[in-house]
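Data first, discussion second: the structure below is written as structure tokens.
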């Protein structure tokens, strides 16, 4: 199993040198305590927890998995419960939550650092507190004062954990078809009956109680998504300072048998006359749930970075140590029986691809995290509005592009090890299996693509796109005379222009045939991901050139940034134009064949 090392140097580069987080925090109402020294201490201690506690449990979780007992309770893998206890005692659960309900009140973006490192060290374990984070956000935004005092305080302390319960066996993304019922009771509560599937962290032994956030339908609810309500349904009802000894009609019917993330309990959850409590307004549950889902989508984007980082660390370590073959230009190490794998261009192609995606995606993620801070904390209404617009635009890209490229990175990492990559002891095949779900849950790549193109871009008449392309335009203007950046500026200007033209072309076609949106959406999202990444790599190259010009003892680090930027522009950015060609091919290539002509099965 590869030894995990938190990428603190690159995190500091992105946060401190590229995005100037120190100034950002200084201007946030809740950022005064997030001084550079405090932030550095949190990152260092978080890294230790992830390296020393979580990483050693990663393979254990994969091999042991979770076990369902006869009474419906679930035992997590050895060490998971103890790690969670240490997580809570260390105050990590409450890092970014409101002080009113027991949190430390630090910026959201600081919590993102911890979640990235936890995901890299052990994604299965990280999902348990990760789901709680979404439940907290939902209750903070939509819960009553009583609900916050009862449930939010316990979630923030880490004593209780949370889940989101959406999917049912007959309906995945189409939540308008859900059948779980909520019957109003005289005491103001509701009786919940139904079954949910694919519930991550649905049942486990790591916390005293589990708070399920459940979508259900009231008796008089309208059909479709307009008739969905949201409910708090605890596994055990609150009682005094603790919980009732009796189960609240919430049980794990079975554990899903999965391709990966074995250490996380993915459950079929049965709600049998369970007592629930309405969150927000009746029949407006989907609006409330989007608070949870958007949090989860950004968190899932971090999963793409996590698997890329894991792949890079394992593949780089192996490529340096493994000797096999000779350089085509002659032996690089004539005293050894063979050269290291690092001499081979194809190994470098794979390593650089992983590096370019992982570090580029990280830059975009922390740009988005700054926007999340502003949407929650800025005192200026216009600043909040612009941040919400930009974050809404970036969220489907972060979720889908990061996970698509993260899965590619996981596969390339395995490939670097050859046959050894396919063997469990090296950890690379687990990384591939664990990463595969990321493109599916919280909305598949196709769903994210429809959200980006249909909802975010076309429905805003391009306003959300322009808010980002303006950033690129201004960057290109500011550095038009910078000779060191010309190899990036010209292609960046070109793809930024293409972005607007492609969008307009789809919009024109869609006026005649709405299917053009669905036909173009995934390729449009991938084009958008490459275009956005081109901006971040150009900006990282700018910083690297400036640092080298100032004089630095880390010349190798900054030269590697510039070289990786060049690799991205010459080897990966051209992929965007293949996606452009696919977009322009239109819907006919997908829809002209009759269903029956696909063949017999």
Residue that is out of contact with any helix residue (DSSP H, G or I) (no Cβ under 6 Å at 6 or more places or on another chain) and either outside any loop (DSSP other than H, G, I, E, B) or closer than 21 Å to residue 570 by Cα (or both), where the choices are 495, 471: 471
Are any residues in region 160-184 at pLDDT 95 or above and under 22 Å from the mean Cα position of the chain (by Cα), and if so, which ones? 161, 162, 163
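Looking only at region 20-39, which residues are within 23 Å of the chain's Cα centre (by Cα) and within 13 Å of residue 110 (Cβ to Cβ)?
Narrowing region 20-39 to residues within 23 Å of the chain's Cα centre (by Cα): 20-21, 24-25, 39.
Once the filter is applied, which keeps residues that are within 23 Å of the chain's Cα centre (by Cα) and within 13 Å of residue 110 (Cβ to Cβ), region 20-39 yields 21, 24, 25, 39.
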Please return the ranges of helices (runs of 4 or more DSSP H) entirely within region 28-103 where 1 or more residues are touching a residue at least 24 places away in the same chain (Cβ under 8 Å) and under 28 Å from residue 140 (Cα atoms). 36-48, 80-89
Which ones in region 109-158 are farther than 27 Å from residue 5 by Cβ, touching a helix residue (DSSP H, G or I) at 6+ places or on another chain (Cβ under 7 Å) and either without any contact (Cβ under 8 Å) to a residue 40 or more places away in the chain or in a loop (DSSP other than H, G, I, E, B) (or both)? 136, 143
Members of region 318-348 that are in a helix (DSSP H, G or I) and surrounded by 14 or more Cβ atoms within 10 Å (Cβ to Cβ): 318, 319, 341, 342, 343, 347, 348
In region 373-392, is there at least one residue being within 16 Å of residue 464 (Cβ to Cβ), surrounded by fewer than 22 Cβ atoms within 10 Å (Cβ to Cβ), touching a residue at least 40 places away in the same chain (Cβ under 8 Å) and within 18 Å of the chain's Cα centre (by Cα)? yes
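To keep it simple, each residue is scored yes or no on (1) closer than 24 Å to residue 363 by Cα; (2) part of a helix (DSSP H, G or I); (3) touching a strand residue (DSSP E or B) at 6+ places or on another chain (Cβ under 6 Å).
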| position | (1), (2), (3) |
| --- | --- |
| 513 | no, no, no |
| 520 | no, yes, no |
| 538 | yes, yes, no |
| 544 | yes, yes, no |
| 561 | yes, yes, no |
Restricting region 240-265 to residues that are in a strand (DSSP E or B) and buried (at least 22 other Cβ atoms within 10 Å of the Cβ), the residue that is nearest to the chain's Cα centre (by Cα): 252
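The values are calculated or read from the model by the stated rules, or taken from the named source; none is laboratory data. A quick note: this is a predicted structure, and the numbers were derived from the prediction, not measured. Don't worry about glycine lacking a Cβ; one is built from the backbone with ideal geometry, like all the others, and counts go over all protein chains shown.
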